[in-house]
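Visitor: Here you go, one structure.
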Amino acid sequence: MNIQIYRLLVGGFGAIHHEKSKGVERYLLVLPTCADAKAFDVKQVSEMPTDVEEEQHTAKEDISLRSPRIVPAGVASVVPSPSWLLREGDTVFAVLEDTDEVATLRIVNKGTGSPAASDDAFDENAEMTLKEISRVKLPAGSGPTHAAIAVDRQLGHHLITADYADGTVCVLPIGEGDVLGPVAQVLDGDRDHHGPLPAQEGPHAHWILPLPDGRVLTTDLGADRIYIHRWIGSRLVRTGFVSLSPGTGPRDMHILPGPSGELAEGGDWRIAVVDEWGCTVTVLEPNGGDEARRSKDGNEQIEEFRVAQTVSLGGDKGKSPDQAASLAFVPESRHLGGSEESRGGSPFSRGYVYVGLRGSDRIVTLYWDGSRLSRLTEEGDPGWKGRGVSSGGERPRHILAVGNMLVVANEVSDNLSLFRAADDGEPVHLGDYPAGSPTVVLPLTGI
C-alpha cells in the first residue's frame, strides 16, 4: 500500500504559561493513497464495538491501517511557549508570547546537521529537527500572538508581529540567510478607542495579513478595527482602517479566492475576517476605484475596503459565550472524488470554509462560491449543517487544511483532532491524538 506523509510542526503554551507544550513538536500526518482508501466508512468504523467477534476485530485493524492518522515524532525545539509558527525557506520563526520574543530556528537533518529546506529532503526515513539560531526581543509586555512575513516594494523581507497585550504591531527586518534583525518599527494601537466588552478595555492586535497587492492588514480585537498599511520604502505606514460593529472583535483573517481563482496582485480575491466576540465571519472586498468617505474631522479619505457581508456562525450566548477562532478553506478541487462541474466557475475558487467556536467547541461549515459566503442551513438547525460538529476536544484554536483533511488544535484538552472534509462539506471525524496545549500547526511539506 502506498502512503503519503506530511510533516507537521505543532506549537503551544508550555510550563511558563502553566500549560503542557514541550516546545515545537514534530508530527507525521499519514494518508493512504491506494485506490480503496476512500471506500471505507469512517463513521461505521469509529462506532464499531471493541468487544466484537474476532473476524470483525481483524477487519477493524485492517481498516485502521488504511485510515489517515497522526503520529508523534518527537520534540524539534524546546523554546518556551511557541504559540505561533511560520516558515521562510529553511527557517522557522517561533513567536514566544510569554517571553516577548521571536526565535529563529533552522530546519536541519538530525543525522547530518545539514539544512533540509527542500520538501524532497523529507522522505519518510529522514529525521529532521530545528536548530535555534537566535532570539530577538520585542518591547516588554507586548505579548506577540501572531506573525507573518511581508515583502516591501524594494523586495525587502520583514517579519511583522501582532502584539495582543499592548496592541502594537512590530516590524523586524529579515536579513541575508533569514537572520532576523532587531525591531525597526513599532506601530501603536489607538488607546482612545475601544469596544464595549470587558475584553476590549484597550487595543489588542491579533493578526497580520499581507495582501497580494503589497498592502498589509492587521486586526485589532479590542478596537473593532482592521488597520490598512502600505509600504513607503522599507517602512510600513498605516493609511486607514475599516470599522466593524461594536463588540465584534476581529481576530483572524484569510484570503479567499474570487471567481477567477487568482490570488495574485490584480486578482478578484476577498478577505474573510473571523470575529471572535461577534461569532461571525465578515467578508471584506477591495474597492476598485478611489471611493471616498468623509471622516469625523471633515476630511475625505479613500475607502480602500468595504464590508461585503457578515455571516453568523450561530455561537452560543449566555454567561460563557462562544468565541470564534481560526478559519480553513478547502476548495472543491481538493476533494477526493469531488466533481468540478455543476456549480460553474473555477473549482479553485469555490469550496467549504471551516471555523472554530471555542466554548461549545464546535466546527461550523460555510460555503464560499467565489463571491459570497453562505450558511448551509439555518444556524439553529440540528446536525452538522446547522450546529456544526464537535471539534474533538476543548477550545479549538487553530484549524489547518491539508488537502481535504483538517487538523484541529484543541488547546485545553491537549489534543489534535483529524477530520476529512467530505464531498458535501461535512467534516468527518477520523481520530484524536495527544498534543500538549496545541495552538498552531505548521506544515513542513507541501499542502
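Visitor: Please calculate how many Å² of accessible area the range 130-278 carries per residue, with a 1.4 Å probe and no DNA, RNA or ligand atoms counted.
Guide: On the way: 5720 Å² over 149 residues.
That works out to 38 Å² for each residue.
Visitor: Quick query: amide H of Arg270 versus all other amide H atoms, modeled in the peptide plane; which residues come in under 5 Å with a sequence gap of 5 or more or a different chain?
Guide: Hits under the 5 Å cutoff: Leu256, Gly258.
Visitor: From the phi angles alone, apply the Karplus equation (6.51, -1.76, 1.60; θ = phi - 60°) to the range 390-405 and give each ³J(HN,Hα) in whole Hz, x where the residue is Gly or Pro.
Guide: Values, residue by residue: 4, 6, x, x, 10, 6, x, 9, 9, 10, 10, 8, 10, x, 9, 9 Hz.
Visitor: Let me ask another. Run the accessible area of the range 390-435 with a 1.4 Å probe and give the carbon-and-sulfur part as a rounded percent.
Guide: 47
Visitor: Please list, in chain and number order, the residues 5+ apart from Ala165 or on another chain whose amide H is under 5 Å from its amide H, with Hs placed from the backbone.
Guide: Placed amide hydrogens put Gly143 under 5 Å from Ala165.
Visitor: Can you work out ³J(HN,Hα) from phi for every residue in the range 430-436, in order, using Karplus 6.51 cos²θ - 1.76 cosθ + 1.60 and θ = phi - 60°, giving whole Hz and x for Gly and Pro?
Guide: Along the range 430-436, the couplings run 9, x, 10, 9, x, 7, x Hz.
Visitor: Distance in nm between label sites at Ala140 and Ala184, each 7 Å beyond Cα in the beta-carbon direction?
Guide: Placing both labels 7 Å beyond Cα along the Cβ direction yields 2.7 nm.
Visitor: Here is a further query. Whole-Hz Karplus ³J(HN,Hα) for the range 133-150, in order, using 6.51 cos²θ - 1.76 cosθ + 1.60 and θ = phi - 60°, x for Gly and Pro?
Guide: 3J(HN,Hα) across the range 133-150, in whole Hz: 9, 6, 10, 10, 7, 9, x, 4, x, 6, x, x, 10, 8, 8, 8, 9, 10.
Visitor: Which pairs in the list Lys20/Lys110; Lys20/Lys137; Lys317/Lys385; Lys20/Lys131; Lys22/Lys110; Lys22/Lys385 are over 28 Å apart, alpha-carbon to alpha-carbon? Write out the running numbers ahead of the final one.
Guide: Working: Lys20/Lys110 24 Å; Lys20/Lys137 23 Å; Lys317/Lys385 19 Å; Lys20/Lys131 21 Å; Lys22/Lys110 18 Å; Lys22/Lys385 36 Å.
In this structure, Lys22/Lys385 lie more than 28 Å apart at Cα.
Visitor: For every other residue with a beta carbon closer than 15 angstrom to the beta carbon of Phe13, add +1 if it is Lys or Arg and -1 if Asp or Glu, then tell me the sum.
Guide: So the surrounding residues net to -4.
Visitor: Please list, in chain and number order, the residues 5+ apart from Lys22 or on another chain whose amide H is under 5 Å from its amide H, with Hs placed from the backbone.
Guide: Residues meeting the criterion, in which the H sits 1.01 Å from N, are Gly436.
The values are calculated or read from the model by the stated rules, or taken from the named source; none is laboratory data. Keep in mind that this is a model prediction, so the values were computed, not measured. Glycine also receives a Cβ, built like all others from the backbone with ideal geometry; neighbour counts cover every protein chain displayed. Just the protein is used for accessible areas: all its heavy atoms, side chains included, with ligands, DNA and RNA removed. Shrake-Rupley method; radii C 1.70, N 1.55, O 1.52, S 1.80 Å.
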